[in-house]
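Below: one structure, written as structure tokens.
Nothing in this text is a laboratory measurement; each read-out follows from the coordinates by a stated rule. Note that the structure is a prediction, hence the values are computed from the model and not measured. When we count neighbours, we look across all protein chains shown, and the Cβ atoms used for this are built from the backbone with ideal geometry, even at glycine.
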Amino acid sequence: MYAEERQQSIAELVSTRGRISVTDLSTAYGVTTETVRRDLAVLDRLGVVRRVHGGAVPASALTATEPGVGEREYTRAEQKDAIAAAALDYLPQPGGSAVLDAGTTTGRLAALLSSERELTLVTNSVPIAARVAPLTGVNLRVLGGRVRGTTQASVGEEALTALEWLRVDVAFIGTNALSLGHGLSTPDSDEAAVKRAMVRSANHVVVLADSSKVGREHLVSFARLDQIDVLVTDGEIDAEDRKSLTDNGIEVVIA
């Protein structure tokens with residue numbers, strides 16, 4: 001196989017798999033890891049893939065942009081509904097506490113809460129607060145700060161200061177991307193700071209993310225994989241990705 005043919009094949013494989021390691025590519029094509037790195041360097045310069053630590057991801061997987069809430073609300077809606085329903089099993093016992101991150105999947109979880117459930121709920125999401133406020137059994141606490149129009153989430157020092165003093169039973173966290181090398185990540189540094197503080201505030205961390213987020217990386221990492229206890233996702237997750245996450249001590253729940 002000529003180098004150009006191999007590079008085209010690698011580009012197609014990365015596009016299909018979402019993320020692949022240098023070692024796997026070396027084995028698949030019967031070439032040295034140095035040859036693979038040269039191939040990836042060529043493809044990176046062409047803008048076809050992006051080199052990351054230990055391998056490559058599609059060029060579109062590394063981005064600093066993010067869609068707004070309205071756009072994301074209807075993306076993979078069926079999977080998000082199933083993930084939210086499965087996440088109900090991880091709510092704390094009556095009288096417990098939880099922090100609910102801003103996001104369309106966490107918003108679906110909030111929509112499933114009932115007035116009968118006794119729960120102290122902390123959130124930085126304006127839409128989630130509006131959904132939960134009428135529930136008589138829920139003691140709602142809303143984090144202050146500047147509200148980002150893109151995500152309708154409060155960020156900044158006020159939110160971070162409030163989270164610094166909190167300890168909750170469980171944090172339900174959304175993410176724009178999740179990978180072995182970069183952990184959980186999001187495009188905005190202010191949003192990442194609040195998510196990071198939410199993770200630190202919780203005894204148990206449950207991530208709600210559909211399978212399209214797995215293997216992707218965004219600009220700012222806010223949590224390592226060893227800080228995650230559970231990932232609730234859908235059945236389209238790649239089998240190798242699932243095994244890698246499980247090997248890293250994460251309980252992977254398929255909704």
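Each Lys and Arg contributes +1 and each Asp and Glu -1, all at the Cβ; summed about the Cα centre of the chain, the dipole is approximately 380 debye.
Computed from backbone phi, the HN-Hα couplings of the stretch 122-132 come to 10, 8, 10, 9, 5, x, 5, 4, 5, 6, 8 Hz, rounded to whole numbers (Karplus: 6.51 cos²θ - 1.76 cosθ + 1.60, θ = phi - 60°; Gly and Pro given as x). Only Cα sites of the stretch 107-222 enter the Debye sum here, all with the same form factor; the resulting log10 I(q)/I(0) across q = 0.15, 0.16, 0.18 1/Å is -0.67, -0.76, -0.96, listed in q order.
Bridgeable lysines around K80 (alpha carbons under 19 Å apart, same-chain partners fewer than 8 residues away excluded): K213.
For the chain, what does -39500 (n - 2.57) per DSSP helix run (n ≥ 4), summed and divided by total residues, give at 222 nm, in deg cm²/dmol to the nearest 500? So the calculated ellipticity at 222 nm is -11000 deg cm²/dmol.
For G55, the residues 5 or more places off, or on other chains, whose built amide H falls under 5 Å of its own are V22. With viscosity 0.692 mPa s and temperature 37 °C, the Kirkwood radius over alpha carbon pairs of the stretch 160-223 converts through Stokes-Einstein to a diffusion coefficient of 277 µm²/s. Within the stretch 152-201, the trypsin sites (Lys or Arg not before Pro) that combine a DSSP coil assignment with at most 14 other C-beta atoms in a 10 angstrom radius are R167.
Here the Karplus curve 6.51 cos²θ - 1.76 cosθ + 1.60, taken at θ = phi - 60°, turns the phi angles of the stretch 174-181 into couplings of x, 8, 7, 7, 8, 9, 5, x Hz, with x standing for Gly and Pro.
Taking K and R as +1 and D and E as -1, what net charge do the other residues with C-beta under 11 Å from the C-beta of D247 add up to? After counting each charged neighbour, the total is 0. Amide H contacts under 5 Å for F222: L184, S185, T186, restricted to partners 5 or more places along the chain or on a different chain, H placed in the peptide plane at 1.01 Å from N.
Amide H of L140 versus every other amide H placed in the peptide plane: which residues, excluding those fewer than 5 positions away on the same chain, fall under 5 Å? Here L121 satisfy the definition.
Between S26 and D238, the simple label model (points 7 Å from Cα in the Cβ direction) yields a spacing of 1.8 nm.
Counting only other residues whose beta carbon sits under 14 Å from that of L113, what net charge do I get with K and R as +1, D and E as -1?
0
Mind pulling up the Rg/Rh value for the chain? Radius of gyration and Kirkwood radius, both on Cα. Here the Rg-to-Rh quotient is 1.03. For the stretch 90-97, backbone phi angles converted through the Karplus equation (6.51, -1.76, 1.60; θ = phi - 60°) give residue-by-residue couplings of 9, 5, x, 4, x, x, x, 10 Hz, Gly and Pro being listed as x.
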